[in-house]
Each structure stands twice: as C-alpha cells, then as structure tokens.
1. State the number of residues belonging to the range 126-179 that are at pLDDT 75 or above, outside any helix (DSSP H, G or I) and surrounded by 10 or more Cβ atoms within 10 Å (Cβ to Cβ).
2. (1) outside any helix (DSSP H, G or I); (2) farther than 16 Å from Gln135 by Cα; (3) out of contact with any helix residue (DSSP H, G or I) (no Cβ under 8 Å at 6 or more places or on another chain): which one isn't true of Ile47, the others all being true?
3. Test Gly89 against the stated conditions and say whether it is at pLDDT below 95 and at positive phi.
4. Which of the residues spanning the range 50-62 are part of a loop (DSSP other than H, G, I, E, B) and free of Cβ contacts under 8 Å to residues at least 24 places away in the same chain?
5. With the checklist (1) within 15 Å of Leu126 (Cβ to Cβ); (2) surrounded by 12 or more Cβ atoms within 10 Å (Cβ to Cβ); (3) at pLDDT below 95; (4) not aromatic (Phe, Trp, Tyr) in hand, flag the one item Asp51 doesn't pass.
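The values are calculated or read from the model by the stated rules, or taken from the named source; none is laboratory data. Treat the numbers as computed from the prediction; the structure is a model and nothing was measured. For neighbour counting, all protein chains shown are included, and Cβ atoms are generated from backbone atoms with ideal geometry for every residue, glycine included.
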Amino acid sequence: MEVLARTITFNGHAAKLALSNDITARKMAEDRVHEQATLLNLAHDAIFAQDLEGRIKFWNKGAETLYGWSSADAVDKTTAELFPTGKPGPLEAARRELLSKGEWNGELNRQTRDGRKVIIESRWTLLRDEQGHPQSILVIEADITEKKNWRPSSSALKEWKASARWRRAWRMISTIFWLPSSFLQEPCVGT
C-alpha cells in the first residue's frame, strides 16, 4: 500500500488529505522484471534490448564480457555508436527482414571496445506491444570467431597424418594374416 498525505485548506480550515493506492500488482511486476533481468545476466551469450532507433535499453553481463562495455557505458547509446560498420547496407537488409518477419538470424562482424574483430552469430526478435505495434528488439549474440577461423595446428595435423599412416599399415598387416596359408609358403626352387 502506498499512502500520500498533504495538508490542504478546506472551507478555510487546515485539513489533512490522505490518498492510498494499492501497489501490489505494480510491485509484483517490478519484482518479476528484476528476476528476469537477473536470469538474463547469468547467460553467457550477449543479450541486449534496443528500441526501434537502435538505442540500447538493457545490456547483460554476457554482452559486457564479449564486447567490453559495461551496462552503464552501453545503455542509452545506439548500436551504431558501439559498433560502427562503415557500410549500413547489410544491417538495413537485416532490419527490413526483422520488421517484415518478426525475426532475423545471421552473422555479423563486430569490433569490441578494445579493437578486437569478432564474428558474431546474431539472432534478433521483434517485440510488440499489446496492440501489435513494434516496440523493441531483443538481440542474442554469440562469438563464433574461433569456430569460423579454426585451422588444425601443425602438431595436430602431424598426428592425424601419422595415425592415417598407421591405419594403412594396419590394414596391410591384417590382409597378410588373412591370406591362405598355402599362399605364404616358400616357393619351390629347382625342380
């Protein structure tokens, strides 16, 4: 319960005016939002919400870890400020698909706060209000740089080649042992 009280003048006399408001539903909704934000902060993926102009409204711990900007640094900045691309074409196409289909999935090249280049698997979901109008965008991103750039090390490659040679040798040896015994006898010399 929330109570507001003020002194007012009523018919020339000072009086107390008290208004009470049941805020149970509002408190429950606030608690639920806080609980959901706490859960989102446990995720390893970068998760953020932005308005339709690209201004960030929520930035989780995963986003802080991946990109290097704290929530305080990122919130109220636009994604264009944090991730300047120089070529908006691909992002505009993604945005058009998001607005028409309600979601977009794809890969993006981003730069972190410290200048590292990363390849990102990005999933955008359009969030709508009760009337069905676009309201905001939920973005979930994962760093796939290592997966995309993976090349076997020279030692791993040597191990693989060695094991392939070993498999071929084993096949040859096993073939010899499965040959009929008469085939393995010494040839007759001088008849």
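1. 14
2. Result: Ile47 fails condition (3) only.
3. It is false that Gly89 is at pLDDT below 95 and at positive phi.
4. Listed by number, the list holds a single entry, Asn60.
5. Here Asp51 meets the rest and fails (3).
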